[in-house]
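Student: Structure provided below as C-alpha cells; questions to follow.
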Amino acid sequence: MDELQQLLSHLKTKGKDRSWRELRDLFSPASHERWAKDAARREGWKDEGIGEVDIHTKIESRKTSSQINKHKRESSELANRVIELERDLEILAAVKEHDPQRYIIQPPTTKTKSLATAIVQWSDWHVDEVVDFATVNGLNEYNKAIAKQRATKCFENTIKLVNTQRSAVIIDNLVIHLGGDAIGGYIHPELQQTNSMSPIEGIFYAKDLCVSGIDYVLQHGEFKLITIVCSRGNHPRLTPKMQFANDYSMNMEAFLYYSLADHYKDEKRVLFKIDKSELSYLTIYDKVFRFYHGHQIKFMGGIGGFTVPLYKAIHRWNSNIQAYYNFMCDKHTYSNPTPDCQVNGSLKGYDAYAVSHGFSYQPPLQSFTLMDSKKGITIKAPIFCE
C-alpha cells in the first residue's frame, strides 16, 4: 500500500519522531493504531526501538473522553429540563385561557348566625406588688398606677374582641373568670418589704378596678347576661399555706367576691358564681366547663413545664366530673398547654422571680375564648393590656 511505503520511508529517514497514533493519523487516518506498529515489525523494527504512546498523551486523552461524557450527560439533563419547562408553559397558558364557571353567592343574613358565648379571664393582677424596672433588665415595670392603666386597656380590648366576632356570630352572653391573685398579699417576706399597699388596701383597690371593668362591659358590651365565675388564688390567703377544708373562709378574695356580688345584687344582667370548692363548674349550652386558679398544678421546672402535671390533674378531675374545657390561671403565661385547657396570662407581667428562674418573657396578657353553640371552641386570643 502507498501509505505503508510512505510510513516505512518516513521511519527510515526520520525515525519515530512522533507517537504511533500521530503516525497513523498522518499516513492512514482510517486505520487502527496497530496498523503502524504491525508495518514496522514486518520491516524488522523492534517495539522498544519504535516506542509507545507517551503516558501524558494517554492521560490527556482519557481526560478529554471523560469531559466529553460529562458534557453529554449535562446536555441531556438540560434538554430534559427544557422539555419540562415547555410543558409547564403549556399548562400555564391553558390555565390563563380557562374561563371560570361563576356562580352566585348570596351574602349571609342575620338569621344564619349561630349563638356564641365569649369567655374572658381576668386574673393575676397583683395590684399591690411592685416590679422595679432595674430588676428585670428593663423588660417591665409595675405599680399601682400601671395596674390601673393595664386594667383599663384590658376592659377596652375585651369589648373590641367581642365586637370583632359579632360579624359572624351572635354574642349575647359573657363569662368573666375572675381567676384569683388580684393581690400579692404577704405570703412571702419580700412582698412585705416591697408591696405598695397592705393586703386590705390591695383588696379594696382590686375591687375598684373590678367594678370599673364590669360597669364598662355592662355599658358598652350589649350583653343580655354577664356570668362572673370566681376562683380564689393562693396569694390572698390568710394562712401560711393553702388550706383545703376552709380556704373559702381564710382567703381575702372570698371577701372581694362576696362584696362584688353584693354590689351588683340589683343588676339583673350580672350573675355571680362563688363556690366554696376550689373547682367551679359552669354549663354553657350543653358543655361543662371547669374553672380554677391553678395553684393546684405543681411542677419542678422540667422540659415539659406544667403540661404533664396538668394532663394528670385534668384526667383525675374528669374521672369524677367530666369537663369539656378548662380555664386556669396562676402561671402568668398565656398559653394552651393541653387541647382542653386555656391558661391565662398576667396583668403584672414579667418580674424578678421570672428572671431568676429563666422563664420566657411575655407581655401583660389576659385571655379571650369564644364558645360557639354549634361548633364548640372556635376562637382563642390574647387580650393585650398595654
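Student: How much length, in nm to one decimal, is gained on full extension between Tyr103 and Ala245, taken as 0.36 nm per residue of separation minus their Cα-Cα distance?
Tutor: My answer for the length gained is 44.6 nm.
Student: Continuing with the same structure: Name the residues whose placed amide hydrogens come within less than 5 Å of the amide hydrogen of Asn234, ignoring near sequence neighbours (fewer than 5 apart) on the same chain.
Tutor: Amide H neighbours of Asn234: Asp181.
Student: Nearest 5 is fine: what % of DSSP beta bridges in the chain come out antiparallel, could you say?
Tutor: Once the DSSP bridges in the chain are tallied, antiparallel ones form about 45 percent.
Student: Given H placed 1.01 Å from N in the peptide plane, which residues other than close sequence neighbours of Asp172 have an amide H under 5 Å from its amide H?
Tutor: Excluding prolines and chain starts, which carry no amide H, the hits are Ala116.
Student: Can I ask one more? Taking 8 Å as the Cα distance limit and 6 or more residues as the minimum spacing, I'd like the relative contact order of the chain as a percentage.
Tutor: Across the chain, relative contact order equals 17 percent.
Student: Let me have the relative contact order for segment 176-310, percent, based on Cα pairs under 8 Å that are six or more residues apart.
Tutor: 27 percent
Student: While we're here: Can you bin segment 123-249 into rounded, prolate or oblate? Criterion: square roots of the alpha carbon gyration tensor eigenvalues sorted a ≥ b ≥ c, rounded for a/c under 1.5, prolate for a/b above b/c, oblate for the rest.
Tutor: In terms of gyration-tensor shape, oblate.
Student: Based on the Cβ-Cβ distance of Lys380 and Leu139, what FRET efficiency does E = 1/(1 + (r/R0)^6) give at R0 = 30 Å, to the nearest 0.05?
Tutor: 0.75
Student: When the Cα atoms of the chain are enclosed in a convex hull and the volume is divided per residue, what value in Å³ results?
Tutor: About 315 Å³ per residue, rounded to a whole number.
Student: Return the sequence-ordered ³J(HN,Hα) values of segment 224-239 in whole Hz as given by the Karplus equation 6.51 cos²θ - 1.76 cosθ + 1.60 applied to θ = phi - 60°, using x for Gly and Pro.
Tutor: Using θ = phi - 60°, the values come out as 7, 8, 10, 9, 10, 8, 10, 10, 7, x, 8, 6, x, 5, 9, 10 Hz.
Student: Taking a 27 Å limit on the Cα-Cα distance, which of the listed pairs Lys144/Lys224; Lys113/Lys287; Lys348/Lys380 fall beyond it?
Tutor: Lys144/Lys224
Student: Viscosity 1.567 mPa s, temperature 4 °C: what is the translational diffusion coefficient of segment 273-386 from Stokes-Einstein with a Kirkwood Rh over Cα pairs, rounded to a whole number of µm²/s?
Tutor: Answer, rounded: 86 µm²/s.
Student: Right, another one. Within the chain, what's the longest run with no trypsin sites (Lys or Arg not before Pro) in a DSSP loop and at most 12 other beta-carbon atoms within 10 Å? Give the range, please.
Tutor: Excluding the exposed sites themselves, the longest stretch runs over 103-223.
Student: Would you mind calculating the gained length between Asp286 and Lys70 on full extension (0.36 nm times residue separation, minus the Cα-Cα distance), in nm to one decimal?
Tutor: 70.6 nm
Student: With charges set only on the Cβ (+1 for Lys and Arg, -1 for Asp and Glu), what does the dipole of segment 116-384 come to about its Cα centre, in debye to the nearest 20?
Tutor: Around 740 debye, computed over segment 116-384.
Student: For the chain, which span is the longest to avoid every loop-located (per DSSP) member of chymotrypsin sites (Phe, Trp or Tyr not before Pro) having at most 13 other Cβ atoms inside 10 Å?
Tutor: 104-243
Student: Among Ser277, Phe204, Gln101, which residue has its Cα positioned farthest towards the positive end of the charge dipole of the chain, with +1 placed on the Cβ of Lys and Arg, -1 on the Cβ of Asp and Glu, and the dipole taken about the Cα centre?
Tutor: Gln101
Student: Taking segment 105-182, which GluC sites (Glu not before Pro) meet the DSSP loop condition and have no more than 15 other C-beta atoms within 10 Å?
Tutor: The qualifying sites are Glu141.
Every number in this text was worked out from the coordinates using simple rules, so none of it is lab data. Note that this is a predicted model, so its numbers are computed, not measured. Neighbour counts are summed over all protein chains in view; Cβ atoms, including those assigned to glycine, are modelled from backbone coordinates with ideal geometry.
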